[in-house]
Amino acid sequence: QVQLVESGGGLVEAGGSLRLSCAASGRTFVDDVMAWFRQASGKEREFVAAIRWASNSPWYEGPAKGRFTISRDTAKNTVYLQMNSLKPEDTAVYYCASDPDPARITLREEYDYWGQGTQVTVSS
């Protein structure tokens, strides 16, 4: 079955960087959109970034623009989220998601597969 396993979260000071990884397994993902969402305590899960596996085309919204970079390694079947200039408001659980054909890539309801999440905490 499909498995998405996130790693790379942790505690970092404001202004620092982290790189999250999402290792995908269970089938081929060549036709998928791979995305990162995040959920802060008491808030709804929100879209961060996505990438089309085949075309390597990224998409960002909101706080990710200009600070985060999504990428993928086809040989390792892994998607990354490089996060720079982190702020305390970036503190959240970050989730990896995938779907073969999301109608709207920013909507969490469009994604069938999810990882367990990795905690990112940014101290001020």
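The values are calculated or read from the model by the stated rules, or taken from the named source; none is laboratory data. For clarity, every value in this text was computed on a predicted model and none was experimentally measured. Reconstructed Cβ throughout: ideal geometry from the backbone, glycine too, with neighbour counts over all protein chains shown. Just so you know, the surface numbers come from the protein's heavy atoms only, side chains and all, with ligands and any DNA or RNA stripped out. Shrake-Rupley method; radii C 1.70, N 1.55, O 1.52, S 1.80 Å.
Values as computed for the structure displayed
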{"item": "Nearest-10 value in Å² for the accessible area of I70, using the 1.4 Å probe", "result": "10 Å²"}
{"item": "Cα gyration tensor shape for the range 34-89, rounded if a/c is under 1.5, else prolate or oblate", "result": "prolate"}
{"item": "In Å², nearest 10: area of W53 left accessible to a 1.4 Å probe", "result": "10 Å²"}
{"item": "Zone residues, the range 1-18, relative to S25, backbone N less than 14 Å from point 7 Å out along Cα-to-Cβ", "result": "1-7"}
{"item": "Options G26, P58, G42, ranked by Cα towards positive dipole end of the chain, top entry (Cβ charges)", "result": "P58"}
{"item": "Separation of alpha-carbon centers, the range 47-110 and the range 1-35, rounded to whole Å", "result": "9 Å"}
{"item": "Cα centre as origin, Lys/Arg/Asp/Glu Cβ charges: the chain dipole, Debye", "result": "280 debye"}
{"item": "Cβ crowding within 10 Å averaged over residues, with 39-48, 87-96 ranked highest first", "result": "87-96, 39-48"}
{"item": "R72 accessible area, 1.4 Å probe, all protein chains in place, Å² to nearest 10", "result": "60 Å²"}
{"item": "Selection from C96, G117, T69 lying farthest towards where the dipole of the chain points positive, charges on Cβ", "result": "T69"}
{"item": "Given charges at beta-carbon only (K, R positive; D, E negative), |dipole| of the range 30-102 in Debye", "result": "280 debye"}
{"item": "Relative contact order of the chain, pairs being alpha-carbon contacts under 8 Å that are 6 or more residues apart, as %", "result": "35 percent"}
